[in-house]
Protein chains: 2
Amino acid sequence: MDKNDLLPIGELARRTGLAVSAIRFYEDKGLIQAMRTMGNQRRFLRSDIRRLSFILIAQKLGLGLSEIEAELATLPQGRTPTLSDWQKLSRSVRVALDAKIQLLTRTRAKLDECIGCGCLSLQRCQLYNRDDRAGAGGGTGPRYVLD
Amino acid sequence: MDKNDLLPIGELARRTGLAVSAIRFYEDKGLIQAMRTMGNQRRFLRSDIRRLSFILIAQKLGLGLSEIEAELATLPQGRTPTLSDWQKLSRSVRVALDAKIQLLTRTRAKLDECIGCGCLSLQRCQLYNRDDRAGAGGGTGPRYVLD
DNA sequence: GCTTGACCTCAAGTTAGCTTGAGGTTGCAT
DNA sequence: ATGCAACCTCAAGCTAACTTGAGGTCAAGC
């Protein structure tokens, strides 16, 4: 009931739906850690399923891996995260999500104004207000837009 | 009052806030077209300012260049787009935006359920429903998530 | 004991959306 | 007519988030 709790990478992949290569990639990036067998094979904790699941959800919400790493870093080290630890994380993500929705909603309102005036013009249209130009979309976008 | 209306690339860059290299890149991708002087320099129409502005806005809303290209393709060819042409486009983008907001909002609702149950578990949590896993975030994300 | 599938590392390739650099030409002002 | 900023092309580089491939090892069943 001890070694039984250690999963090889393929198992973890099966359980989470991630590709084996993706999990190795995440380990490389420090998002997840693994023990090694004598034969140098990775063995993961059961709780890593949840960790990876969290990564998937957070990505789905548009967070980048580095942001996710930051979130995960708030989990307690040394011990397996409890349910309430995860709830805390979820709430933190919820906040980020709220912000994203708000931003999109505000942008939509401006777009509506723009449809009204039909301008799409740099000088007049609110959508071009520099101050407001940060991180609106979820995507990568050109530097300029994300400045 | 004719040649006067043709802008060199630097002008266009200044007016839109885009980098010259970005504009050339967009031309390469077919998002915008230019005439050439005898000396092989690009000359753009005034209406291209608006075209580029549209690209910026659409990107801000999380659309990819290929999606934007598709939108732009609905503009009339041969003549300079009218105000009402642009309004039509704006409305089309508004629809996409609505969808994006809805998706995020639904996801938020599920996240709330998840906070409630605290599971984050592949078997039980709605967030993991495969059928629902398509294109939620704005970002690129792993293939798997966007399938 | 040997085959087979899961595992290992490390390097290079992929897509998106650009930027940077090298090396060369144009065009406007003086 | 000359200087210099702005323009040109083409190739390579960059970040994110992975995948693919080459070449090799481990472990479990027959």
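Every number in this text was worked out from the coordinates using simple rules, so none of it is lab data. All values reported here derive from a predicted model rather than from experimental measurement. When we count neighbours, we look across all protein chains shown, and the Cβ atoms used for this are built from the backbone with ideal geometry, even at glycine.
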Label-to-label distances across copies for residue A:5, with labels 7 Å out along Cα→Cβ, in nm, shortest first? 7.5
Cα gyration tensor shape for the stretch A:1-114, rounded if a/c is under 1.5, else prolate or oblate: prolate
Expressed in nm to one decimal, what extension gain is obtained for the pair residue A:37 and residue A:88 from 0.36 nm per residue of sequence separation less their Cα-Cα distance? 15.1 nm
Express the relative contact order of the stretch B:1-112 as a whole percentage, based on alpha carbon pairs under 8 Å and six or more residues apart in sequence. 20 percent
Amide H contacts of residue B:44 (H built 1.01 Å from N, under 5 Å, at least 5 apart or other chain): B:7
List the lysines whose Cα lies under 21 Å from the Cα of residue A:100, skipping any in the same chain that are fewer than 8 positions away. A:60, A:88, A:110, B:60, B:100, B:110
Got a sec to turn the phi values of the stretch B:47-57 into Karplus ³J(HN,Hα) couplings, 6.51 cos²θ - 1.76 cosθ + 1.60 with θ = phi - 60°, whole Hz, x for Gly and Pro? 5, 6, 4, 5, 4, 5, 4, 4, 4, 4, 4
In whole angstrom, how far apart do the alpha carbon centroids of the stretch B:55-87 and the stretch A:1-69 sit? 41 Å
For label points placed 7 Å from Cα toward Cβ, what is the shortest-first list of nm distances from residue B:65 to its copies? 2.3
Note the distances from residue B:46 to each other copy's matching label point, with points 7 Å along the Cα-to-beta-carbon direction, in nm, sorted shortest first. 7.1
